[in-house]
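The values are calculated or read from the model by the stated rules, or taken from the named source; none is laboratory data. Owing to the predicted nature of the structure, the values given are computational and were not obtained by experimental measurement. Cβ placement follows ideal geometry from the backbone for every residue including glycine, while neighbour counts extend to all protein chains displayed. Ligands, DNA and RNA are stripped out before the accessible areas are found, and what is left, the full protein with its side chains, is counted by its heavy atoms. Shrake-Rupley method; radii C 1.70, N 1.55, O 1.52, S 1.80 Å.
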Amino acid sequence: MNYKNNHWLTIWISIPRRHIVVWDNIVGYIRQAQLDQVMAPFVNMVPYLLVDCAATIEERCKYSLAPFTYVVADAPQCESGDCGLFALKYIECQALGLPFPGTLQHKNNKAIRE
């Protein structure tokens, strides 16, 4: 997710848990009140999308329209300008069930980008 066209965050939506995890690799860049505003469409609209996209009435009944919850998870920190690289790596690691690599650090980012 892009914040104001200058900071990337990774979000992971768990439908069974009705929960969203946010990884922010520059903690403090976005204040909590701002993050609440950014996350409001996600926590409120995902339940409606699930109901609306359900194929049958029975499936619609499985979902609640109550908002999802969200939390900001601990994430390895990076320097300004590297947040997109880190965000993509979080997505890759989550998709493959891998831990975030300790070698992904600011000092290695030039080599990783090449």
Matching label, Rg and Dmax of the Cα atoms in Å computed from the structure shown, candidates (i) 14.6, 45; (ii) 16.3, 53; (iii) 15.8, 50: (ii)
Of all DSSP beta bridges in region 1-100, antiparallel share, percent nearest 5: 60
Chain lengthening between D36 and V71 when straightened (0.36 nm per residue, less Cα-Cα): 11.6 nm
Residue order for E58, E79 - accessible surface, 1.4 angstrom probe, largest first: E58, E79
Residue order for M45, M1, M39 - accessible surface, 1.4 angstrom probe, largest first: M45, M1, M39
Percent accessible area from carbon and sulfur atoms, the chain, protein chains only, probe 1.4 Å: 59
Student exercise, the chain dipole from Lys, Arg, Asp, Glu Cβ charges, in Debye to nearest 20: 80
Net charge over other residues, Cβ less than 14 angstrom from the Cβ of S80 (K, R count +1; D, E count -1): -2
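Using the heavy atoms of the protein chains and a 1.4 angstrom probe, tell me the accessible area per residue for the chain in square angstrom. Please list the in-between numbers first.
On the way: 7470 Å² over 114 residues.
For the chain, the per-residue accessible area is 66 Å².
Can you compute the helix-only [θ] at 222 nm over the chain? Use -39500 (n - 2.57) per DSSP H run of at least 4 residues, normalise by all residues, nearest 500 deg cm²/dmol.
Values: 4 runs with 47 residues, N = 114.
Per the formula, -12500 deg cm²/dmol.
Where does each of 7-15, 62-70, 49-57 land if you order them by average Cβ count within 10 Å, highest first? Before the final figure, lay out each step's value.
Values: 7-15: 16.4, 62-70: 14.1, 49-57: 11.0.
Final packing ranking: 7-15, 62-70, 49-57.
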